[in-house]
Every structure is written in C-alpha cells, then in structure tokens.
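Below is one structure; the comments refer to it alone.
The values are calculated or read from the model by the stated rules, or taken from the named source; none is laboratory data. Worth saying up front: this structure is predicted, and the values here are computed from it rather than measured. So basically every Cβ, Gly included, is an ideal-geometry build from the backbone, and we count neighbours across all protein chains shown.
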Amino acid sequence: MAADIASLLTVKQIIATDRAPRAIGPYSQAVRAGNLVFASGQIPIDPATGEFVAGGIAEQTDQVLRNLTSVFAAAGVELNQIVKTTVFLADMEDFAAMNEVYGRFFGAQPPARATVQAARLPRDARVEIEAIAVSEPGAVATGS
C-alpha cells in the first residue's frame, strides 16, 4: 500500500502559483501527470487584487489567458505546448470578441478547442478557460 501511494505521488504533481488566482474550492490550479499538465478553469480574477478585471469580454479573456500563462509557467510549460482548451462562455454572442483575444495568445498553431455556452460560470464570469499541455520530458516546475 505504501509503495502504491509513493508511486501515485511521483505520477501526480500539484502545480500552484501566486501569479494566478488561488483555487476557490477543493481543487488545484493545475496537476502534472506524467508529461501532461491539466490546468483548472481560470476566470478573469486579477491575482494582485482578487477582483475581476474591469471591462467586457475582451478584457476578461485577456486576464483569463494571462492567468493560464502563469499557471503553466509554474509548471515549466509555455503556451505553445498547450494541446487542448475548453472555453466556457456565459453568452455565445461574446464568441467573436473572445476569439480575437484568444488568437493573439496562440498565434499560427493554436491548440484544439471546444467552446460552449454555460448557463452560469463561477462568480458570474463571462468567460472561463481550462487547458491541457504536453510538457517536455524532465520539465521542472518553477513554483510560484
């Protein structure tokens, strides 16, 4: 049993950083399992203030992607290593504005993506994005 727990601990690594909003529930900002890094959904909270950024969907999307950038940086991963995202929008009418900001972050080789409208997002955010990245073998988390 102890060997099984030790094995699990080497397979699953919790990733956390002060440069992104802290988890607001019983979950981790991200988890590394082997060479995959799974980032929990980020909402547009400015980690410096703990409050939503001012503005509309463009500003919220920008902050969400900055938060994801920080979480992945703590795992030693860059945005170009993200292979899949899921975007949750409070209103699909916000798709074009979100998509414009999203495109600036991911450039010519964006990850696979699903975008869905959700009935309600945490703290009434307009957008939430979760992501999965592939880390290079031996990548080291940088911590907070």
- Message: Please pick out the residue among ARG104, ARG123 that is under 27 Å from ILE14 (Cβ atoms), more than 14 Å from the chain's Cα centre (by Cα) and not hydrophobic (A, V, I, L, M, F, W, C).
- Response: ARG123
- Query: Residues of region 90-144 being acidic (Asp, Glu) and at pLDDT 95 or above, which ones?
  - Reply: ASP91, GLU93, ASP94, GLU100, GLU128, GLU130
- Flagged in region 24-46 as surrounded by fewer than 16 Cβ atoms within 10 Å (Cβ to Cβ), under 21 Å from THR61 (Cβ atoms) and at pLDDT 95 or above, in numbering order, are ASP46
- Query: Of all residues in region 83-104 being among the hydrophobic types (A, V, I, L, M, F, W, C) and surrounded by 17 or more Cβ atoms within 10 Å (Cβ to Cβ), which is nearest to PHE72 (Cα to Cα)?
  - Reply: VAL87
